[in-house]
Amino acid sequence: MNYSRMVLFVMLFLLSSVATSAQTEKSEWKRPKHSGKITSDYDRTNDQSKLSLRLMPVTCVRDGCIFISLDSSFSGAKLKTPIDRVLFGLSIVTKTLEPFTEPKLIFRLDGELMDVGEMTFAGKVPANGLTGLPYGIPLTGDELSKISNAHKVEVQIGNFQFALNENAINAIKDYNHLARTVQ
């Protein structure tokens, strides 16, 4: 009888620890700190929902300042997850650069290359002696996840190169998490 109680106690303890472990795994996500603004909006007029990482600064280099954005949209009042398509926006504000003749976008993720194709140029945007060069390209949900899981992200468009800072990587991680879990 004593042995039966001991076995029962061990079984209850094991079941309890498995349940606690499962709860811990679900609540392990800790939102990373970043200065980006992620919004979720519904446009009644177009019956469309949108998840956006608004244009946020990444870094400034000799030739200009770089900004990124992420956007996904869906028909209906609710976001659909997991998101399978995301528009990655890249804007460069410059005095000297001209639009790239071949705006091929390549990410170097922890040293591994990920070629995502040619970006679409949206046209020059003049402002106070500077010029904005906005580009966009759709990414798959898997590509976004690879970027968000990397510790070091370097970006190359044409012959222009820069690294995403921790703030930008954290914003992408946060967006990716929302894109995979929003109900």
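Computed from the coordinates by the stated procedures, all read-outs in this text should not be read as laboratory data. No experiment lies behind these values; they were computed from the predicted model shown. Quick reminder, even Gly has a Cβ in these numbers, built from the backbone with ideal geometry, and neighbours come from all protein chains shown.
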| said: Could you give the length gained by full extension between Asp63 and Met114, i.e. 0.36 nm per residue of separation minus their alpha carbon distance, to one decimal place? | reply: 16.0 nm
| task | In nm, give the distance between the simple-model label positions of Leu130 and Glu28, each being 7 Å from the Cα along the Cα-to-Cβ direction. | result | 4.1
| task | For the stretch 88-97, take each phi angle, set θ = phi - 60°, evaluate the Karplus expression 6.51 cos²θ - 1.76 cosθ + 1.60, and give the result in whole Hz per residue in order, putting x for glycine and proline. | result | 8, x, 9, 10, 10, 9, 8, 9, 10, 6
| Per-residue HN-Hα couplings for the stretch 123-131 [Karplus 6.51, -1.76, 1.60; θ = phi - 60°; Hz; x = Gly/Pro] | x, 5, 10, x, 7, 6, x, 10, 10
| message | Explain nothing, just the number: relative contact order of the stretch 35-181, from Cα pairs under 8 Å at least 6 residues apart, as a whole percent. | response | 22
| Protection-proxy order for peptides 144-154, 89-99, 121-131, each taking the mean of Cβ atoms within 10 Å per residue, highest first | 144-154, 89-99, 121-131
| the stretch 31-52 to the stretch 102-131: how many Å between their Cα centroids? | 23
| field | Reciprocal mean inverse distance between Cα atoms of the stretch 100-183 - Kirkwood radius, Å | value | 14.0
| message | So for the stretch 33-86, considering every pair of alpha-carbon atoms, how many percent are separated by more than 17 Å? | response | 47
| Going down the table (Lys50/Lys95; Lys30/Lys78; Lys78/Lys173; Lys33/Lys95; Lys37/Lys95; Lys50/Lys104), which pairs top 29 Å between alpha carbons? | Lys50/Lys95; Lys33/Lys95
| If one puts a single equal scatterer on every Cα of the stretch 35-181 and applies the Debye formula without solvent, what log₁₀ I(q)/I(0) results at q = 0.11, 0.18 Å⁻¹? | -0.41, -1.07
| field | Whole-number percent relative contact order across the stretch 23-73, with pairs defined as alpha carbons under 8 Å at least 6 apart | value | 27
